[in-house]
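To start, the structure under review is shown below, and the notes come after it.
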Amino acid sequence: MTRVVIIGAGPAGLAAAAAAGRVARVTVIDDNTEAGGQIWRRTRNAWTIEHPGVETKFQARVIAATQADVTIETPDSCERLPFDKLILATGARELFLPFPGWTLPQVTGAGGLQALVKSGLNIQGKSVVVAGTGPLLLAVAAYLKSKGATIPLIAEQAPAARVNRFARSLLSHPGKLWQGARLKARLLGVPYRTDCWVESAEPGMLRLRTPGGSGSQPFDYLAIGYGLWPNTELAQLAGCRLSNGFVEVDAAQRTSIPNIYCAGEPTGIGGVDMALAEGRIAGCHATGQPTPPLPNRAFVQALTTTFALRPEVRAVATADTIVCRCEDVPLSRIQSCQGWREAKLQTRCGMGPCQGRICGPAIQTILGWPHQSIREPVFPARIESLLT
Amino acid sequence: MPQTADVRINGKEFTVAEGTSVAAAVLNAGYSMRTSIHGEPRAALCGMGICYECRVTIDGCQHRKSCQVLCATGMEIETT
């Protein structure tokens, strides 16, 4: 029987597991405590019960991958899992752009704050400014509002004309239109300002910018995210080819390595529907089953164009703004370097525990430096794990 | 009756709902998570195990990502 290992228990990984599990031995690995990924956090508890043939390993972090096995670390063990087929469904993280004050404890990711509230953070009565870009801001604001937060403002950096054009284009995507209409109803009375971005934060007070001016905004929490960034580290480590920052796949979701597949956000930010479709295709193809067709990417393309970053938000970091949070490296120290290699040697930028997962995309976005090289372990690991 | 967990954060006792992450418990208790290498207080940024800003000590084990650990009765949590 084919041994299929799937990394990630979000929509893509679960769809792949459901498809592959019909005919193969499947193990799904995720570093969270339960299935669902980010979007279904706290809503897919029953999944493992519904698919009894699929083995799951939670709180398990993949620290290394070859073309024949993966090494996983749990809080108290470490093991190697051999596979015939590997499906990478590692999802995406938020893109954070440094600005003065972004290291304050009251500043979190947009999806980040939602995840924290879902896991028990009490937001009742707090004033939460939601900022950055993309439709996620609306979903986050609606969720936080439903949990008792006050949302004084949603600040969207994209220009009004592009956002309006996008809204009109929803007419040709009835499902999305319905989602949008429901969100709008839930956000009744919440100000949504386009052409607006956060310039700086100090405890309790934000400085906001628009093309024509600036203003102040009190806040308890700032939930800010500049869109999603694919988690491609594991694919890179296994030797899969990237193209434009995403994992290159064919129509069957195969990467450049024949027995490794990739599905969902690492192949292109496409949202939950694309992730489900791609996961299903990967799970079927990896196990020799007929593959369903892929939905078209018109909606995804519209999202990318609408919420492209304006030049001003790439330039909000000042000389002494910390860019690498793990090693407290300010922008000025990085700017004087030629590239990643020199920055690492001189400043330790990108060499802390997150291994450049936060500062890497930020620096790529604001300075244009390309991807860093990836080596194992891809996450900090215990010494006994490294000996395995 | 709702299920709960009793934990200690920096020596103080807190009762939290079952399923509460250590990160949420620490923030609800009014603490940040760690002190950066230059002495700034830091708290969870990404909420999903990527940024390592939410590291705390749990039962004597340092550098645990508090957003990916659920509270359990008897847990000793320390921020730095």
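Assorted remarks:
- Long pairs among A:LYS57/B:LYS12; A:LYS85/A:LYS118; A:LYS145/B:LYS12; A:LYS57/B:LYS65; A:LYS176/B:LYS65, criterion Cα-Cα beyond 25 Å: A:LYS57/B:LYS12; A:LYS85/A:LYS118; A:LYS145/B:LYS12; A:LYS176/B:LYS65
- Here the contact order of the stretch B:4-78, divided by its residue count and restricted to Cα pairs under 8 Å and six or more residues apart, works out to 39 percent.
- Counting charges near A:ILE29 (Lys, Arg +1; Asp, Glu -1) among other residues having Cβ under 9 Å from its Cβ returns a value of 0.
- Fraction of antiparallel bridges per DSSP, the protein assembly as shown only, in percent to nearest 5: 60
- Isolated Cys in chain A, by beta carbon distance under 4.7 Å: A:CYS78, A:CYS196, A:CYS240, A:CYS262, A:CYS284, A:CYS326, A:CYS337, A:CYS354
- Report note on the peptides A:159-168, A:364-373: ranked by the mean count of other C-beta atoms within 10 Å, highest first, their order is A:364-373, A:159-168.
- For q = 0.10, 0.12 Å⁻¹, Debye-computed log10 I/I(0) when each Cα of chain A counts as one equal scatterer: -0.68, -0.99
- Dipole orientation for the protein assembly as shown: of the candidates A:SER373, A:LEU177, B:GLY11, A:LEU177 has the Cα lying most toward the positive pole (charges on Cβ; Lys, Arg +1; Asp, Glu -1).
- Think of each Lys and Arg Cβ as +1 and each Asp and Glu Cβ as -1; about the Cα centre, that makes the dipole of the protein assembly as shown roughly 1140 debye.
- Size of electric dipole in the stretch A:315-388: Cβ of Lys, Arg +1 and of Asp, Glu -1, about Cα centre, debye, nearest 20: 80
- Span from the the stretch B:2-44 Cα centroid across to the the stretch A:345-385 one, whole angstrom: 27
- If the segment from A:ALA161 to A:ASP250 were pulled out straight at 0.36 nm per residue, it would be longer than the present Cα-Cα gap by 28.5 nm.
- Counts of other chain beta carbons within 10 angstrom of each beta carbon in peptide B:32-44 average 4.
- Size of electric dipole in chain B: Cβ of Lys, Arg +1 and of Asp, Glu -1, about Cα centre, debye, nearest 20: 220
- With Cα atoms, 0 to 90° folded angle of helix A:136-146 axis to chain A main axis: 80
- Chain A: relative contact order as a whole-number percent, Cα under 8 Å and 6+ apart: 20
- q = 0.17, 0.24 Å⁻¹: log10 I(q)/I(0) that the Debye formula gives for the stretch A:254-330, counting C-alpha atoms only: -0.78, -1.06
- Scattering curve values for chain B, log₁₀ I(q)/I(0), Debye with Cα scatterers, q = 0.13, 0.18, 0.22 Å⁻¹: -0.34, -0.64, -0.94
- Accessible area of chain A divided out per residue, in Å², using a probe of 1.4 angstrom: 42
- Per-peptide packing, taken as the mean over residues of other Cβ atoms within 10 Å, places B:30-38, A:123-131, A:91-99, A:183-191 in the sequence A:91-99, A:123-131, B:30-38, A:183-191 from highest down.
- Inter-label distance, nm, simple model (7 Å from Cα along the C-beta direction), B:ALA29/A:ARG42: 2.0
- Count Lys and Arg as plus one, Asp and Glu as minus one, and take only other residues whose Cβ is under 13 Å from that of B:CYS61; the net charge is then 0.
- Placing a label point 7 Å from the Cα of A:ILE383 along the Cα-to-Cβ direction, the residues of the stretch B:31-72 whose backbone N falls under 18 Å of that point are B:61-64.
- Taking a Cβ cut-off of under 13 Å around A:ILE63, the surrounding Lys, Arg, Asp and Glu residues balance to a net charge of -3, with basic ones at +1 and acidic ones at -1.
The values are calculated or read from the model by the stated rules, or taken from the named source; none is laboratory data. These figures come from a predicted structure and were not determined experimentally. For neighbour counting, all protein chains shown are included, and Cβ atoms are generated from backbone atoms with ideal geometry for every residue, glycine included. Surface areas here come from the heavy atoms of the whole protein model, side chains and all, with no ligands, DNA or RNA. Shrake-Rupley method; radii C 1.70, N 1.55, O 1.52, S 1.80 Å.
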